[in-house]
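Everything below concerns the one structure shown next.
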Amino acid sequence: MTMAGLGETEAMPMATKAEMFDHAVVVCPDLDASVQAWRKLGFTLTPRGYHTLGSQNHCIMLQRDYLELLHVTAPSPSRQYYWDAQAGGGGCAAMSCKSSDAFETAARLRAGGWHTSEPIEFSRPVSLDDGSQHAATFRVTALDDAPGARYFVCEHRTPELLWRPEWMAHANGAQGIASMFLVVAPALVEAAGRAYAELTGAELTQLSDHVCSLSLDDATLVVSTPQALASATGAAHVQREVPGYAAIRLRTTSLDAARAGWRSAGVPAQDLGPHETLIPAHAAGGVALLFEQQA
C-alpha cells in the first residue's frame with residue numbers, strides 16, 4: 001500500500017505477538033438485495049446461515065480471512081450493536097482477529113484494562129455438497145470500548161466447515177483482505193492507533209498526525225481522519241464523515257478478468273491505475289472496495 005505524501009514513519013513497539021486478521025462484518029438491512037449485489041461483484045457466497053443468536057449471514061471465504069454479510073432479524077443483547085448499525089443503514093460495522101481461545105483472550109484484555117463482553121458460544125448449520133449437515137461453532141468476545149467501530153476476537157471451533165474449496169473460488173479473483181480503513185475524529189487518530197496496537201499486539205507506524213497503520217499478519221489496519229482518507233486509500237472518491245470502516249482493500253489474482261466482469265454486469269467500477277480498481281460504497285453495501293492486482 002502506498003502512503004505517498006503522508007510524512008515520515010515512526011515505528012512503535014509491539015505489545016505482544018500480533019493477532020491474525022479474521023474477518024470484516026458488513027451489516028445488511030436487506031440481505032437478499034445484498035446477495036445479488038455482491039454476486040454481481042464477482043464473489044462466491046456461502047449458503048445462508050442461521051445463527052443460534054438470531055441473525056443470518058452469507059460469507060465470502062478468502063484464503064485466510066473472509067467478509068461476512070450479516071442481517072439481524074430482531075434486537076437482542078448480543079446483537080444490539082449490529083441491530084443499531086442496521087437501523088442506521090448498515091455498512092462495514094466491525095472487524096475481528098482470530099483467537100485460539102476466546103476465554104484466554106478475554107482474560108488477557110481485561111487484565112490490560114479493557115471492558116470485554118463475556119465470551120459467548122454460538123453456531124449455525126452448514127450444508128455440504130454431499131448432503132450432510134453440520135454445526136459450525138464459534139466463540140467470540142467483543143470490546144465495548146474499541147475506538148471507531150466494534151472490535152472482537154473469534155475462535156473458530158470448526159474451521160474446516162467454512163474454508164472449503166467450493167466457496168473460496170471467486171470470479172473476481174479475490175484472495176484476501178489487504179487493508180481495512182477506519183475513520184475516526186482528527187483528535188483521536190493516534191489514541192485509536194495505540195489502542196488497536198494494544199488490542200492486537202500489532203506494530204504501530206505513525207505516518208502523520210492524520211494517519212497511522214498497523215500490521216496484522218499479512219493485513220493492515222489504517223486509522224485515518226475523514227480528510228486524510230482519500231490520501232490513505234489513494235482514491236479521491238472514498239469518503240466517510242462519521243466514525244467507522246470506510247473501505248476495504250482486497251488482493252486479486254486477476255484484476256483484468258474482474259474488470260471485464262464488472263463491465264459486463266454494469267458495476268460502476270473506477271480504475272485508479274493499471275493495478276487497482278475502486279468499487280464505490282453504494283455498489284458494495286456501504287463500504288468502498290479497492291481491488292489490487294496481487295504480485
Exercise for the section: Return the residue satisfying two criteria in turn: it lies in region 72-94 and is of a type in the set (Ser, Thr, Tyr) and surrounded by fewer than 22 Cβ atoms within 10 Å (Cβ to Cβ), and of such residues it is farthest from PRO147 (Cα to Cα). Expected result: THR73
Handout entry: Filter pass, THR105 being surrounded by 20 or more Cβ atoms within 10 Å (Cβ to Cβ) and hydroxyl-bearing (Ser, Thr, Tyr)
Key = yes
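Does GLY273 satisfy being free of Cβ contacts under 8 Å to residues at least 12 places away in the same chain and of a type outside the set (Ser, Thr, Tyr)? Please lay out each step first, then the result.
Working: free of Cβ contacts under 8 Å to residues at least 12 places away in the same chain: yes; of a type outside the set (Ser, Thr, Tyr): yes.
Yes: the conditions hold for GLY273.
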Practice task
Could you check region 53-134 for strands (runs of 3 or more DSSP E) lying wholly inside it with 1 or more residues that are under 17 Å from VAL26 (Cα atoms)?
Solution key: 55-61, 66-72, 91-98
Exercise for the section: Report yes if ALA37 is touching a Phe, Trp or Tyr at 6+ places or on another chain (Cβ under 9 Å), aliphatic (A, V, I, L, M), modelled with pLDDT of 95 or more and not in a loop (DSSP other than H, G, I, E, B), otherwise no. Expected result: no
Problem - Failed item in (1) surrounded by fewer than 20 Cβ atoms within 10 Å (Cβ to Cβ); (2) in contact with a strand residue (DSSP E or B) (Cβ under 9 Å, 6 or more places away or on another chain); (3) within 16 Å of ALA174 (Cβ to Cβ), with GLU68 passing the rest - result: (1)
Practice task
Would you check which residues across region 189-217 are part of a loop (DSSP other than H, G, I, E, B), surrounded by fewer than 21 Cβ atoms within 10 Å (Cβ to Cβ) and at pLDDT 90 or above and list them?
Solution key: GLY201, HIS210
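Could we say that PRO29 is surrounded by fewer than 18 Cβ atoms within 10 Å (Cβ to Cβ) and more than 18 Å from the chain's Cα centre (by Cα) here?
Numbers: surrounded by fewer than 18 Cβ atoms within 10 Å (Cβ to Cβ): yes; more than 18 Å from the chain's Cα centre (by Cα): no.
Judged against the criteria, PRO29 is not a match.
Are any of the residues in region 156-167 closer than 23 Å to TYR66 by Cα, part of a strand (DSSP E or B) and assigned by TED's automatic domain parsing to the domain that holds GLY88?
Yes, some residue in region 156-167 is closer than 23 Å to TYR66 by Cα, part of a strand (DSSP E or B) and assigned by TED's automatic domain parsing to the domain that holds GLY88.
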Exercise for the section: Could you check PHE291 against (1) under 21 Å from GLY148 (Cβ atoms); (2) in a strand (DSSP E or B) and say which number it fails? Expected result: (1)
Handout entry: Total residues in region 40-89, condition at pLDDT 95 or above, among the small types (Gly, Ala, Ser) and in contact with a Ser or Thr (Cβ under 8 Å, 6 or more places away or on another chain)
Key = 1
Exercise for the section: Kindly check whether there is at least one residue in region 160-174 that is among the polar types (S, T, N, Q), under 23 Å from ILE60 (Cβ atoms) and either touching a strand residue (DSSP E or B) at 6+ places or on another chain (Cβ under 9 Å) or at pLDDT 95 or above (or both). Expected result: yes
Practice task
Would you tally the residues in region 242-260 being touching a residue at least 40 places away in the same chain (Cβ under 8 Å) and either surrounded by fewer than 19 Cβ atoms within 10 Å (Cβ to Cβ) or polar (S, T, N, Q) (or both)?
Solution key: 6
Handout entry: Identity of the residue in region 127-137, in contact (Cβ under 8 Å) with a residue 12 or more places away in the chain and surrounded by fewer than 20 Cβ atoms within 10 Å (Cβ to Cβ), that ends up nearest to SER78 (Cα to Cα)
Key = THR137
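The values are calculated or read from the model by the stated rules, or taken from the named source; none is laboratory data. Quick caveat: nothing in here was measured; it's all calculated off a predicted structure. Neighbour counts run over all protein chains shown; Cβ positions are idealised from the backbone, glycine included.
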